[in-house]
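Undergrad: Okay, handing you the structure first.
The values are calculated or read from the model by the stated rules, or taken from the named source; none is laboratory data. Fair warning: this is a prediction, and the values are worked out from it, not measured in the lab. Glycine also receives a Cβ, built like all others from the backbone with ideal geometry; neighbour counts cover every protein chain displayed. Only protein heavy atoms, including side chains, enter the accessible area calculation; ligands, DNA and RNA are left aside. Shrake-Rupley method; radii C 1.70, N 1.55, O 1.52, S 1.80 Å.
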Amino acid sequence: PRSTLFPYTTLFRSAALEPAASSSGSGRVDLFDLGLDHALWQNTWTSGVGYSGWTTSLGYPSNAEFIGNPAAFSRGTNSIDVFMRGNNGDIYTETWNGSTWSGWTDVGSCPPGNASSPTVASWGSTNLQLYERGRDGNIYQMTWDGTGWSSWTSIGAPSAGAVSDPSAYSRISN
């Protein structure tokens, strides 16, 4: 039975375990989830309107289908970066500029190959920090400086090893 203390709305049947959400402006939240068709789906909530309904406008690149959980981050008003793991082992990103999506870009995989879904954080409008867990158990980081991506760098792992997907969060003041 549905809880009356914590009511919920079923928004979508998905293949991902954890959807991602990002807010690119006041009164707006974009929700991203992996569909059973292995495409990335989006549903936008706007204050006073509610949810827009699920759309597959993001789909997936021509050379891979998606697996795992999405990651999403807004670097400022009308800006969203989403990341997904492809079934070929690479991480893909697509950027929203307030009116259109950029198209999927393959940023590759950490040297031993990835073993997790990506996560992302930022400290400013021209910075992204992308993380994933490698097959060797280490956590890897790749940075975007506003013009291009760095190489993957190992930042190690806990002494007991890393087994979960990494998680990152950052707060940018408005």
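Undergrad: So if I check each of S117, S74, S52, S47, which one is at pLDDT 90 or above, within 21 Å of G27 (Cα to Cα) and under 14 Å from the mean Cα position of the chain (by Cα)?
TA: On inspection, the qualifying residue turns out to be S74.
Undergrad: Restricting region 27-44 to residues that are at pLDDT 90 or above and open to solvent by 50 Å² or more (accessible area, probe 1.4 Å), which is farthest from I80 (Cα to Cα)?
TA: W41
Undergrad: Here is a further query. So which residues in region 66-104 are free of Cβ contacts under 8 Å to residues at least 40 places away in the same chain and in a loop (DSSP other than H, G, I, E, B)?
TA: Selection gives N88, G89, D90, N97, S99, T100, S102, G103.
Undergrad: Being open to solvent by less than 10 Å² (accessible area, probe 1.4 Å) and not in a loop (DSSP other than H, G, I, E, B), is that true of even one residue in region 47-57?
TA: Checked region 47-57: no residue is open to solvent by less than 10 Å² (accessible area, probe 1.4 Å) and not in a loop (DSSP other than H, G, I, E, B).
Undergrad: Still on this structure, I have one more. Just to verify a result, which residue in region 7-26, among those that are at pLDDT 50 or above and of a type in the set (A, V, I, L, M), is farthest from the chain's Cα centre (by Cα)?
TA: Among those that are at pLDDT 50 or above and of a type in the set (A, V, I, L, M), it is A15.
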